[in-house]
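Visitor: A single structure is presented below for examination.
Please treat every number below as a calculation from the coordinates, not as lab data. As the structure is a computational prediction, the values presented were derived from the model and not from experiment. Positions of Cβ are backbone-derived with ideal geometry, glycine not excepted, and every protein chain shown enters the neighbour counts.
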Amino acid sequence: MKKKALITGVTGQDGAYLTELLLSKGYEVHGIKRRSSLFNTERIDHLYQDSHEGETNMILHFGDLSDSTNLIRIVQQVQPDEIYNLGAMSHVKVSFDTPEYTANADGIGTLRLLEAIRILGLQKKTRIYQASTSELYGLVQAVPQSETTPFYPRSPYAVAKLYAYWITVNYREAYGMFACNGILFNHESPLRGETFVTRKITRGVAKIALGLQDKIYLGNLDAQRDWGHAKDYVEAMYLILQQETPEDFVIATGVTTRVREFVRLAFAELGIEVVFKGDQADEKGYVAYCSNPDFQLEIGKEIVAVDPQYFRPTEVDLLIGDPAKSMSKLGWQPKYDLQGLVKEMVAADLELFLRDSFLKEAGYGIKNQYE
Ligand code: NDP
Ligand code: GDR
């Protein structure tokens, strides 16, 4: 019998990599996608098999974490062995603009899924993974952050995820469910959403090099993040649900890097040297210089600037995870380091925008459709 997995957030970055991983392991993968006025399955289209053309191991269901009856119906229909709850309003800055919605989808959404399992009497059959986050640590209490470090959330997103974390623990203890939190530190990839800082930078680097954009406007360049590759991190999600006992795990690389250093590394991939003036995040006039003739960039041109609109009302300054438990208990080891991640992301965005550059050269106007 094939194992069945149900993934919320299947159309997102992690949903796509996890679907690919589970299909490769012989799972039947069910995903919940939201109705949208435009196609929103770009990240998983290559994995989708049309049921008209024979047997398929990937089935999509319309649904939403804010709709309990819909979740109960899907869980009943699928009878999953494993649920991966990846669906969320996942942008920290946006959560300050949409705090109530974020609480509903990211916090109560998790409760709705747990309740669906309980109401349907599936607590002995269905294991559930909750996408918890290093944002829970928030204001620095201690570093590196591990499974025992106290939480101090700093955004409506993190507070909603704090509820989701504890309700997962509570359902494990109260009802004996195999319910686990993966406390994942930032993970990126060429599939990363365009408004997260790493992807914003790698897209900007590619567009600037190709003459399609003048400058990247960023917020706090001094924030420090522990960045890994999403491909490595979905392996950990899978391993967490294969253990004998349900537990929570930190997934991280153990290395932290400033946003400004990510900028430098990304430009360096294309041989462009960046020099920052000044080193205070709230100081205007950060500039970067480029001296690479390959991309016909004017030497000394300002290509990075700070725009305070990207600052957050409360910031998480420093994240550095301690992956010791996941390495020893799960046997998890990341295959990518930061350099490999940056290389892959810049190469992918360069390829993406080369197409636009050819169109521009051929005289076709390009609307700024990606911003
Ligand atoms: P993405 O933003 O790429 O994907 C989020 C997914 O959730 C999308 O499929 C989105 O659908 C879906 N979604 C949003 N709102 C709802 C809703 N109300 N009902 C159902 N689905 C919804 O996030 P990632 O793939 O990067 O992250 C996956 C999960 O892991 C998230 O929960 C995130 O908070 C968490 N996380 C992520 C980390 C990271 O560094 N990437 C680190 C730690 C935790 P649509 O495509 O229609 O928008
Ligand atoms: P984060 O990721 O908030 O850590 O949440 P993001 O990439 O948005 O920000 C990382 C750091 O970069 C700073 N920053 C900017 N951020 C964005 N988005 N845009 C900018 O222009 C910019 N300039 C500087 C931020 O202030 C921040 O310090 C991600 C999400 O995937 C969450 O869902 C997940 O839970 C956490 O990672 C772990």
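Visitor: Taking the convex hull of the Cα atoms, report for region 1-111 its projected area averaged over all directions, in nm².
Guide: Result: 7.6 nm².
Visitor: Would you mind checking the tilt of helix 230-240 against the longest principal axis of the Cα atoms of the chain, expressed as 0 to 90 degrees and rounded to 10?
Guide: Around 20 degrees separate the two axes.
Visitor: Among the listed pairs Lys93/Lys335; Lys161/Lys231; Lys4/Lys325, which are separated by more than 24 Å between their Cα atoms?
Guide: Flagged as over cut-off: Lys93/Lys335; Lys4/Lys325.
Visitor: Would you mind checking the tilt of helix 338-361 against the longest principal axis of the Cα atoms of the chain, expressed as 0 to 90 degrees and rounded to 10?
Guide: For 338-361 against the chain, the angle is about 60 degrees.
Visitor: Tell me the volume per residue, in Å³, of the convex hull enclosing the alpha carbons of the chain.
Guide: That works out to 147 Å³ per residue.
Visitor: I've got another one for you. Extension gain Gln79-Val143, at 0.36 nm per residue separation less the Cα-Cα distance, in nm?
Guide: Result: 19.0 nm gained on full extension.
Visitor: Moving on. Around Ser66, with a cut-off of 12 angstrom between Cβ atoms, what is the net charge of the other residues, counting Lys and Arg +1 and Asp and Glu -1?
Guide: Residues close to Ser66 contribute a combined charge of -2.
Visitor: Same structure, new question: For region 195-259, which GluC sites (Glu not before Pro) pass both filters: DSSP loop (anything but H, G, I, E, B) and at most 10 other C-beta atoms within 10 Å?
Guide: Glu244
Visitor: Work from the charge dipole of region 4-184 (Cβ charges, +1 for Lys and Arg, -1 for Asp and Glu, about the Cα centre) and give the residue of Gln76, Gln141, Phe96 farthest towards its positive end.
Guide: Gln141
Visitor: For the pair Lys124/Phe311, report the inter-label distance in nm, with labels modelled 7 Å from Cα in the Cβ direction.
Guide: Going by the 7 Å Cα→Cβ label model, 5.7 nm.
Visitor: As a footprinting exposure proxy, order Glu147, Glu55 by other Cβ within 10 Å, with the fewest listed first.
Guide: Glu55, Glu147
Visitor: If you don't mind, another one. Which one of Thr41, Thr102, Thr19 has the biggest mean-square fluctuation once the chain is modelled by GNM with Cα springs under 10 Å?
Guide: Thr41
Visitor: Mean separation of Cα pairs under 8 Å and 6+ residues apart, divided by the residue count of region 4-184: what relative contact order is that in percent?
Guide: This gives 21 percent for region 4-184.
Visitor: May I ask you to list the lysines whose Cα is less than 17 Å away from that of Lys3, ignoring any residue fewer than eight positions away on the same chain?
Guide: Reachable lysines: Lys25, Lys124, Lys125.
Visitor: What dipole magnitude, in Debye to the nearest 20, does the chain give about its Cα centre under +1 on Lys/Arg Cβ and -1 on Asp/Glu Cβ?
Guide: 680
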